[in-house]
1. Of all residues in segment 145-160, which are touching a strand residue (DSSP E or B) at 6+ places or on another chain (Cβ under 8 Å) and not in a helix (DSSP H, G or I)?
2. Name the strands (runs of 3 or more DSSP E) wholly within segment 1-119 that hold at least 1 residues that are of a type in the set (Ser, Thr, Tyr) and away from the ligand (no atom under 16 Å from the Cβ)?
3. Filter segment 131-172 for residues that are among the basic types (Lys, Arg) and under 27 Å from Arg5 (Cα atoms); which is nearest to the ligand (Cβ to nearest atom)?
4. Taking segment 237-252 only, how many residues are farther than 13 Å from Met208 by Cα and touching a Pro at 6+ places or on another chain (Cβ under 9 Å)?
5. Scanning for something crowded, with 22+ Cβ neighbours inside 10 Å, in the same structural domain as Val36 (by the TED database) and either under 24 Å from Arg67 (Cα atoms) or aromatic (Phe, Trp, Tyr) (or both), does segment 177-188 turn up at least one residue?
6. Would you confirm whether or not segment 228-236 contains a residue that is in contact with a Lys or Arg (Cβ under 9 Å, 6 or more places away or on another chain), more than 24 Å from Val76 (Cα to Cα) and within 12 Å of the ligand (Cβ to nearest atom)?
7. If we scan segment 173-180, do we find a residue that is within 15 Å of the ligand (Cβ to nearest atom), in a loop (DSSP other than H, G, I, E, B) and at negative phi?
8. Any residue at all in segment 119-128 that's β-branched (Val, Ile, Thr), touching a residue at least 24 places away in the same chain (Cβ under 8 Å), out of contact with any Lys or Arg (no Cβ under 6 Å at 6 or more places or on another chain) and under 13 Å from Ala78 (Cβ atoms)?
Amino acid sequence: MIDLRSDTVTTPDEAMREAAATAEVGDDVYGEDPTVNELEARVADRLGTEAALYVPTGTMANQIAARVHTEQGQEVVADRQSHVVKYELGGLAQHSGLQVRMLDTDRGVPAPEQVATAIVDEDLHRPGTGLLCLENTHNARGGLAIDPGKIDAAATAAHERDVPVHLDGARLFNAATALDVPVTELTAPVDSVMCSLSKGLGAPVGSMLAGSESFIDHARRTRKLFGGGMRQAGIIAGPALEALENVPVLETDHENARLLAEGLDDVDGFEVQEPETNIVLVDVSGTGLEPPAVLESLRDRDVLATPFGPTTIRFCTHRDIAREDVERALERIEAAVA
Ligand SMILES: *Cc1c(COP(=O)(O)O)cnc(C)c1O
């Protein structure tokens, strides 16, 4: 099976299994797990923040961030296609009583003028804006890498109105790799950032939430409130530390995505969005088939991809996919659609 559904399907390698087996552990709720403490310190250092917090999932990290930055009843400004809006079960409303003001944006990042007009001051009728949420890379737009200037401009527009900014950087290291900029250039303009360890980096479990010391203190309490206080979490933080070493591999994933896209472009009826990172979106309407039918015939030939809208399917490259896998996948996909 060639599994191109997501970069979350990677399985831990020998080094990660060894790290799990040998990790020094303690009770992390008491702050006594040395492996978790090392992971949090190392990620804060990488991201250029004062502190960081290990959380079970990216979704929890985003939801904690929203809770910490806001007060119940406020608005969150976000791109309409962003993960917090589309794929987190309305958690902003469910967990924190927030209303989302969705923006239609270019490349998934609001322009400063859009941010300025979207922000509302609190008065007798309006709840006030509590947070701007940005995303990089932008998943639903096909893994677009948003350049630091755009992040900075949007964040500045929010800060000018005293609104804090959270960056959903599930694939932040993919963005930094594609743009060839230090990851700190992408994090510097924002107040908090989430990055996943369990996607392209390949850790079995976990994401990081990073920000100021006081933000992370509050986030630690909120993680407990949300049921995310873990005990001997060094068992999973050990492999996560190994995963941090995999940043250079992301470049290979991006090359493989480009190779995949070039090949898919030759398939009759496929319209391919040129990839910027490790995600390839394909509009399959030209085949006369709907995504489920295309995916079923791919599955018959042992290739997996993901439905991604009424006419679109998504392929995602990752560290368990080699160049040869891409070549084999392309042969099978051509045969499947022919
Ligand atoms: C995957 C993803 C998340 C959520 O991460 P989980 O660990 O799956 O909860 C959040 N934001 C973006 C952009 C993602 O791609």
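1. Ile146
2. Counting at least 1 such residues, we get no strands (runs of 3 or more DSSP E) at all.
3. Once the filter is applied, the top-ranked residue is Arg171.
4. The number of residues fulfilling the criteria is 2.
5. yes
6. The answer is no; no qualifying residue exists.
7. Within segment 173-180, not a single residue is within 15 Å of the ligand (Cβ to nearest atom), in a loop (DSSP other than H, G, I, E, B) and at negative phi.
8. Checking segment 119-128: not a single residue is β-branched (Val, Ile, Thr), touching a residue at least 24 places away in the same chain (Cβ under 8 Å), out of contact with any Lys or Arg (no Cβ under 6 Å at 6 or more places or on another chain) and under 13 Å from Ala78 (Cβ atoms).
The values are calculated or read from the model by the stated rules, or taken from the named source; none is laboratory data. Just so we're clear, the structure is a prediction, and the values are computed from it rather than from any experiment. So basically every Cβ, Gly included, is an ideal-geometry build from the backbone, and we count neighbours across all protein chains shown. Please note that ligands, DNA and RNA were not included when accessible areas were found on the heavy atoms of the full protein model with its side chains. Shrake-Rupley method; radii C 1.70, N 1.55, O 1.52, S 1.80 Å.
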